[in-house]
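**Q** This is the structure I have questions about; it appears just below.
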Amino acid sequence: MILLIHKKNIVKEIIDLETNQLIKCTITKPIAALFFLADNYKDRLLVWCHQSLKPFLNKQEIKKSFHLKNMMMSFSAHQYLPEQIGYVEDSPFLKVNKNVKYPTWLMSSNVGVIYASQLLKFKNQVKENDSFDFVLNSIAKLGMPKGLFCYSDPKLLKETLIDVKVQASYYVLFKFVKLHYKGVWSVLLLLNFIIYDSKFLFLSFIKTVFIKKLNYEPCFSLEALSKPDFKDVTIDVIIPTIGRKDFLHDVLLDLEKQALLPKKVIIVEQNEVKNSKTELDFISNKSWPFKIAHKFIHQTGACNARNLALKSVTADYVYLADDDNKFDKGLLKSIIQKMQSFNFDVIAMSYLQKNEIEKNKKDIQWHAFGGGSSVIASKYLETVSFNMAYEFGYGEDTDFGMQLRNLGADVIYTPDIKILHLKAPIGGFRTKFIHPWEKHVDLKPKPSPTVMLSRMNNTTKQQLLGYKTGLFIKFYKDQDIINPFKYYTVFKKQWQESVSWANKLKKG
């Protein structure tokens, strides 16, 4: 490791931590000095640290945590960009849990680390005249969608009581948005400032009008820094099902052909008709090469069914499957090999329908979570569950993914591991579930209260307000009220109705 110590955007010293020798460098700007070091030490870890934090640098933890070349980590108790970045960024990467290693592109000059050869991929993309914090955030924002794994990690420091707070101005925020988002988002940022902060930042907006969005092309490949420790591990499969007998049978046949057989397949069959009997006769009529734990219940709902199944998991990993999946015989083996090779705790597989085209080409930190196409290390199951407040609604997968991230698990999307989603017709629901708010035809909540609950729980205040503005604009053209002021009055009532119901759901 090579350590760069800085203060007030000036390099103070550079130390080779392997030899404990000083490295001579006449460059005074930290980011320029890092690029100089990257040119001369391509296969080394480059660490930066504010001078006041040098005594607290956790060198052992940096080596331990930094297990992939395509990584970037930093930590600060405060974020550089103003919280209003949430007006334009709708992702789980802003509401950062500072107590765990959390996926985010929000970087800090306080302390951080990146592999030298990976930093060089940004040499012609960023301006060294910008501040250290601005460039670090820009690098992470550009690299994350291309496969650079970025984290906030408190363990970079032995203690986090000291924090050097660096705050960007609103002008810098507008500049950052113009460089990294589509142009329309700068307009929405200005609008949200006016609506929610009563700040008329026309000068900051106008000064950045002619700034063009950065076009970043390089991609990052997975490359472990040490040999993987392959162990003999087991995997369970859970499948909630309702009225899809033939599709479920085909899933079991695919599991039967696996090069790595599951330890156990946990099936939760739902039929809301009392005194009804199972229709899954093939479970007992055939000999399967794995144990099948079949639970037949009269309560419908995916959240309840998955939670019931998760309680029966005993393997090292669990594959959360749907009853209309289709996959090849190498699926489970490929999953375990990738998770062990790169120390992943959660992966989400490519889950497309027929004729859909995979747009992602690289493994990336994913903004979502798929309850029917993901694999989780079972060590998290004691803490996470599908929130029953979302039953028969939307948002349970998003919430479950956030629970995992808040425990320090990252959700990695793996486009090379594929499942075909057959998208079978809806199963055997005899009656449509009607939420209590659907009975109020005179004032329907907008958005759905389960969506509102998910956003209230899992996004920042500014992200929620930005979503509110976007929702207002999106639905204006799809409703009958032409007068925008009258529509806004109605929309506010619908929004508040949704908040009210979301709070009721939150209380159970």
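**Q** For the structure I just gave you, tell me whether Met452 is within 17 Å of the chain's Cα centre (by Cα) and within 17 Å of Lys504 (Cα to Cα).
**A** On the way: within 17 Å of the chain's Cα centre (by Cα): no; within 17 Å of Lys504 (Cα to Cα): yes.
Taking the combined requirement at face value, the residue does not satisfy it.
**Q** How many of the residues in region 201-225 are assigned to a loop (DSSP other than H, G, I, E, B) and farther than 14 Å from Val187 by Cβ?
**A** First pass over region 201-225, keeping only residues assigned to a loop (DSSP other than H, G, I, E, B): 201, 208-223, 225.
Next, from what is left, pick out any that are farther than 14 Å from Val187 by Cβ: 210, 212, 214-223, 225.
The qualifying residues number 13.
**Q** Now for a separate question. Taking Leu280 and the conditions (1) surrounded by 13 or more Cβ atoms within 10 Å (Cβ to Cβ); (2) under 26 Å from the mean Cα position of the chain (by Cα); (3) assigned to a loop (DSSP other than H, G, I, E, B); (4) free of Cβ contacts under 8 Å to residues at least 60 places away in the same chain, which numbered condition does it fall short on, given that it satisfies the others?
**A** (2)
**Q** Within region 291-313, identify whether any single residue is surrounded by 22 or more Cβ atoms within 10 Å (Cβ to Cβ), at pLDDT 95 or above and within 22 Å of Ile417 (Cα to Cα), and answer yes or no.
**A** No; the residues of region 291-313 include none that is surrounded by 22 or more Cβ atoms within 10 Å (Cβ to Cβ), at pLDDT 95 or above and within 22 Å of Ile417 (Cα to Cα).
**Q** Inside region 16-63, can you point out the residues that are aliphatic (A, V, I, L, M), within 23 Å of Lys123 (Cβ to Cβ) and free of Cβ contacts under 8 Å to residues at least 60 places away in the same chain?
**A** Listed by number, the residues that qualify are Ile23, Ile27, Ala33.
**Q** Give the residue that is farthest from Phe176 (Cα to Cα), with candidates limited to residues of region 99-112 that are touching a residue at least 60 places away in the same chain (Cβ under 8 Å) and surrounded by fewer than 22 Cβ atoms within 10 Å (Cβ to Cβ). Outline the logic, then answer.
**A** Pass one, region 99-112, residues touching a residue at least 60 places away in the same chain (Cβ under 8 Å): 100-103, 109-112.
If we keep only those that are surrounded by fewer than 22 Cβ atoms within 10 Å (Cβ to Cβ) as well, we get 100-101.
Values: Val100: 26, Lys101: 25 Å.
If we take residues in region 99-112 being touching a residue at least 60 places away in the same chain (Cβ under 8 Å) and surrounded by fewer than 22 Cβ atoms within 10 Å (Cβ to Cβ), then Val100 is farthest from Phe176 (Cα to Cα).
**Q** Let me ask another. Quick one: in region 71-86, which of the residues that are closer than 15 Å to Phe134 by Cα and of a type in the set (Gly, Ala, Ser) is surrounded by the fewest Cβ atoms within 10 Å (Cβ to Cβ)?
**A** Looking at the filtered set, the residue picked out is Ser74.
**Q** Note down all Cβ pairs under 7 Å where the first residue falls in region 437-454 and is under 15 Å from Phe491 (Cβ atoms) and not assigned by TED's automatic domain parsing to the domain that holds Gly470, the second is part of a loop (DSSP other than H, G, I, E, B) and not aromatic (Phe, Trp, Tyr), and they're at least six residues apart or on different chains.
**A** From region 437-454, no pairs qualify.
**Q** Can I ask one more? May I ask you to say which residue of Phe392, Phe386 is in contact with a helix residue (DSSP H, G or I) (Cβ under 7 Å, 6 or more places away or on another chain), of a type outside the set (Val, Ile, Thr), under 21 Å from Pro240 (Cβ atoms) and not assigned by TED's automatic domain parsing to the domain that holds Ser498? Talk me through it step by step, then tell me what you get.
**A** Values: Phe392 fails: in contact with a helix residue (DSSP H, G or I) (Cβ under 7 Å, 6 or more places away or on another chain).
Among Phe392, Phe386, only Phe386 is in contact with a helix residue (DSSP H, G or I) (Cβ under 7 Å, 6 or more places away or on another chain), of a type outside the set (Val, Ile, Thr), under 21 Å from Pro240 (Cβ atoms) and not assigned by TED's automatic domain parsing to the domain that holds Ser498.
**Q** Continuing with this model, one more query. On the basis of being within 25 Å of the chain's Cα centre (by Cα), in a helix (DSSP H, G or I) and among the hydrophobic types (A, V, I, L, M, F, W, C), does Leu120 make the cut? Please lay out each step first, then the result.
**A** Values: within 25 Å of the chain's Cα centre (by Cα): no; in a helix (DSSP H, G or I): yes; among the hydrophobic types (A, V, I, L, M, F, W, C): yes.
No; evaluated as a whole, the condition is false for this residue.
Conditions (1) at pLDDT 95 or above; (2) in a loop (DSSP other than H, G, I, E, B), marked per residue:
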| residue | (1), (2) |
| --- | --- |
| Leu253 | yes, no |
| Gln258 | yes, yes |
| Pro262 | yes, yes |
| Val273 | no, yes |
| Val318 | yes, no |
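**Q** How many of the residues making up region 129-161 are in a loop (DSSP other than H, G, I, E, B) and more than 23 Å from Ala33 (Cβ to Cβ)? So that I can check it myself, show each step before the final result.
**A** Going through region 129-161, the residues in a loop (DSSP other than H, G, I, E, B) turn out to be 129-131, 147-148, 153, 158-161.
Restricting the remaining residues to those that are more than 23 Å from Ala33 (Cβ to Cβ) gives 147, 158-161.
Summing the residues that are in a loop (DSSP other than H, G, I, E, B) and more than 23 Å from Ala33 (Cβ to Cβ) in region 129-161 gives 5.
The values are calculated or read from the model by the stated rules, or taken from the named source; none is laboratory data. Note that the structure is a prediction, hence the values are computed from the model and not measured. Because the Cβ atoms are built from the backbone with ideal geometry, glycine has one as well, and the counts that use them run over all protein chains shown.
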